[in-house]
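The values are calculated or read from the model by the stated rules, or taken from the named source; none is laboratory data. Everything numeric in this text was worked out from a predicted model, so none of it was measured. Using ideal geometry, Cβ is built from the backbone for each residue, glycine included, and neighbour counts are taken over all protein chains shown.
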Amino acid sequence: MVRELLEKARELSIYTAYNTNVDAIVYLNGEMVQRLIDEFGADAVKKRMDEYPREINEPLDFVARLVHALKTGKPMAVPLVNEELHTWFDSHFEYDVERMGGQAGIIANLLANLDFNRVLVYTPHLAKKQAMMFVDKPNLLYPVVEKGKLVLKHPHEAYRENDPIKVNRIFEFRAGTTFKLGNETVTVPFSGRFIVSARFESIRIYTEPELKPFLPEIGEMSDGAILSGYQGIKLRYSDGKDANHYLREAKKDILLLKREKDVKVHLEFASIQNRELRKKVIYNLFPLVDSVGMDEAEIAHVLNALGYSKLADRIFTYNRIEDTVLGGKILLDEMNLEVLQIHTIYYIMYITHADNPLSEDELRSSLELATTLAAARASLGEIRSPEDFKVGLNVPYNERGEYVKLRFEEAKRRLRTREYKVVIIPTRLVKNPVSTVGLGDTISAGAFTSYLALLKKKGTL
Ligand SMILES: Nc1ncnc2c1ncn2[C@@H]1O[C@H](COP(=O)(O)OP(=O)(O)O)[C@@H](O)[C@H]1O
Ligand SMILES: O=P(O)(O)OC[C@H]1O[C@](O)(CO)[C@@H](O)[C@@H]1O
Ligand SMILES: [Mg+2]
C-alpha cells in the first residue's frame, strides 16, 4: 500500500524554496561535552542555562544552550549572530561531514533522488559550493530568467560565483551519552540534533525581483509547493529593511504561486527563538498556506506565541498525545489550515477538519509513507534512489508504539474530536541513526506529497 502510494507521489511536480545551506556536522560524545563544560566551569554554564540566551553571541551562550538541549533531548536550533565566533568553533571542533542543509535543499535532493517527475528548487543564494551539493539528477531544476524568459537549468549550471555561502553547525547527539554538570550526571534521553544556525546580514529569504513575475507560471506547472526558511528572516537589517518587508514579499510570493491555479502550499516550520518574529511568521503566513509541518518543540513554541503558554509548557515537558491533539486543534482552527502535521520522536500526527476529502485510513497511509522514508534516511544517511525506501520498511515501530495507540484512543475519547480528523502513527525509529538532521524535512516532504497524490487520485487536486 505505501509502496504504491510512493509510486503515485512520484508522478508529481514539486516546487520548493527558499533555504539551503551547508550543514557542517559534528558527532558529539560525552568527552567532548565534558571538555566544553570544564572549559567554562559548571557553575557558569548553569547560570547561563538559567538565563536561556536566545542568540549565540559568545561561546558560553552556545555551551549553555547545547547542554540544555542535551538534558531534554529535544531538537533545537539557536541563531549564531556573531560572525567572529567562526574561529572559536573551528578551533574547538572538526567537522565529520559536510552536506546539503536547509529544508528546501534537503527536500529537493530527496524528491529528485526518489525520481519525482520534476523538482524545481529555488534558493536566493547559489554559490558554487552550495550548487554542487545538489544531486546530479535531470529531474532537478533551478529557475533562472534569461532574455526576459523563464529558463529551467540544473543547479550545477545555474550557480553565481559571488553569492554568499551559509554554513550551519550541526551537533548530532545520541541517547545514552553521559557527562557531568557539576554534581549532576546527565544522560541524554533521546537522539537528535542541535543546530547553530548562521544568521548574517548577507543571507536574505526572498525571491529575486526578476524571478517574481514568473511565480504564477511556476505555480501552474507544479502540483504542490513546499516553502521554508522564514526562520532565517531577521527583525532588522542595517540597510533599513526589516522582517515586515520580507514577510510582505513572502506573502506576495504565495499569492503569486496560487494566481493561475490554486496550487497547494506546505510550509515547513522551523524553530524561531525570537518570539516577536515567530508571531509575525505565524500570523502573516499560516493563513495563506494549506498545510503546515513541525516538530514537538516547534508546536510548543507556536502555541506559546499564540498565548497558550501553559499548554505549550506541558507539550514541551511531557510530549503527551492529548496535549498535542489539543494544541493541534487550536492551531488548525485559528489559522484555518487544511492540514497540520506534527512529527515527534515517538509518533506522527495529522489533524484536519472533518470535511477533508481523505479518509482517516488514507491519511494514515500518508504518514506511514513519511515515517518509512525517514527510517530509510536514518538508516542509510541519504536516500539515493526509490529502491532505498525498502530499507525503511524493515525498521520496526518504536517500542512505545502500542502505548502511543492506546493513549491516542484515550485522548480521542476525552477531547471533542468529532469536527476533526485526527490520525496518528508510531514512528519507525532507527536505533543507531547515521544522522538525524533533516529527518523532519524528510517526513514532511513524504507526508505532503503523498497527501497530494491521494487528493489527485480522488480527483480533488
Ligand atoms: N532515529 C530515528 N529514526 C527514524 N526517525 C527519526 C529518528 N530520529 C528522529 N526521527 C524523526 O525525525 C523527526 C525530527 O524532525 P525535526 O526535529 O523536524 O528534524 P529536522 O528539522 O532536523 O528535520 C522526529 O520527530 C522523528 O519523527
Ligand atoms: O534555519 P536555517 O538556518 O535556515 O537552517 C535550517 C536547518 O534545518 C535543517 O534544514 C534541518 O531541518 C538543517 O539542514 C539546517 O541547518
Ligand atoms: Mg524540522
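Annotation note: of LEU140, LEU150, LEU126, the sole residue that is within 16 Å of ligand 2 (Cβ to nearest atom), among the aliphatic types (A, V, I, L, M), at pLDDT 95 or above and under 29 Å from MET221 (Cβ atoms) is LEU126.
When THR87, THR123 are screened for being hydroxyl-bearing (Ser, Thr, Tyr) and within 22 Å of ILE272 (Cα to Cα), only THR123 passes.
Taken over region 340-359, the residue count meeting the criterion of being more than 15 Å from LYS405 (Cβ to Cβ) and among the β-branched types (Val, Ile, Thr) is 4. Somewhere in region 176-183, is a residue surrounded by 20 or more Cβ atoms within 10 Å (Cβ to Cβ), part of a strand (DSSP E or B), away from ligand 1 (no atom under 16 Å from the Cβ) and not charged (D, E, K, R)? Yes, because at least one residue in region 176-183 is surrounded by 20 or more Cβ atoms within 10 Å (Cβ to Cβ), part of a strand (DSSP E or B), away from ligand 1 (no atom under 16 Å from the Cβ) and not charged (D, E, K, R). Residues that are surrounded by fewer than 21 Cβ atoms within 10 Å (Cβ to Cβ) and not in a loop (DSSP other than H, G, I, E, B) were ranked within region 333-358; the one that is nearest to ligand 1 (Cβ to nearest atom) is MET335. Just a yes or no: is a residue in region 255-270 part of a loop (DSSP other than H, G, I, E, B) and among the aromatic types (Phe, Trp, Tyr)? Yes: one or more hits. Under the condition of being crowded, with 23+ Cβ neighbours inside 10 Å, away from ligand 2 (no atom under 16 Å from the Cβ) and of a type outside the set (Gly, Ala, Ser), the residues counted in region 429-451 number 2.
Counting the residues of region 440-459 that are within 16 Å of ligand 3 (Cβ to nearest atom) and in contact with a strand residue (DSSP E or B) (Cβ under 8 Å, 6 or more places away or on another chain) gives 7. For ALA297, the conditions (1) assigned to a helix (DSSP H, G or I); (2) within 18 Å of the chain's Cα centre (by Cα); (3) at pLDDT 95 or above all hold with the exception of (3). With respect to LEU311, is the statement that it is buried (at least 22 other Cβ atoms within 10 Å of the Cβ), modelled with pLDDT of 95 or more and in contact with a helix residue (DSSP H, G or I) (Cβ under 7 Å, 6 or more places away or on another chain) true? Spelling it out, it is not the case that LEU311 is buried (at least 22 other Cβ atoms within 10 Å of the Cβ), modelled with pLDDT of 95 or more and in contact with a helix residue (DSSP H, G or I) (Cβ under 7 Å, 6 or more places away or on another chain).
For region 383-438, the candidate set comprises residues that are among the basic types (Lys, Arg) and touching a residue at least 60 places away in the same chain (Cβ under 8 Å); within that set, the residue that is farthest from ligand 1 (Cβ to nearest atom) is ARG418. Selection of region 140-157 for residues being surrounded by fewer than 18 Cβ atoms within 10 Å (Cβ to Cβ) and outside any loop (DSSP other than H, G, I, E, B) yields VAL145, GLU146, LYS149, LEU150, VAL151, LEU152, LYS153, HIS156, GLU157.
Within region 73-98, the set of residues being within 26 Å of GLY176 (Cα to Cα) and in a helix (DSSP H, G or I) comprises PHE89, HIS92. Candidates in region 188-203 are the residues that are within 16 Å of ligand 3 (Cβ to nearest atom) and not basic (Lys, Arg); of these, the one that is farthest from GLU172 (Cα to Cα) is SER197.
Please verify whether region 229-242 includes one or more residues that are in a strand (DSSP E or B), within 16 Å of ligand 3 (Cβ to nearest atom) and under 28 Å from VAL81 (Cα atoms). For region 229-242, residues in a strand (DSSP E or B), within 16 Å of ligand 3 (Cβ to nearest atom) and under 28 Å from VAL81 (Cα atoms): absent.
The rows are residues; the columns are (1) basic (Lys, Arg); (2) farther than 28 Å from LEU439 by Cα; (3) touching a residue at least 40 places away in the same chain (Cβ under 8 Å).
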site: GLY232; (1), (2), (3): no, no, yes
site: TYR246; (1), (2), (3): no, no, yes
site: ASP253; (1), (2), (3): no, no, yes
site: VAL265; (1), (2), (3): no, no, yes
site: SER271; (1), (2), (3): no, no, yes
site: GLU298; (1), (2), (3): no, no, no
site: GLY307; (1), (2), (3): no, yes, no
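The single condition among (1) out of contact with any strand residue (DSSP E or B) (no Cβ under 7 Å at 6 or more places or on another chain); (2) more than 15 Å from ligand 1 (Cβ to nearest atom) that ASP290 does not meet is (1). The residue that is nearest to ligand 1 (Cβ to nearest atom), among those in region 185-212 that are of a type in the set (S, T, N, Q) and surrounded by fewer than 16 Cβ atoms within 10 Å (Cβ to Cβ), is THR187.
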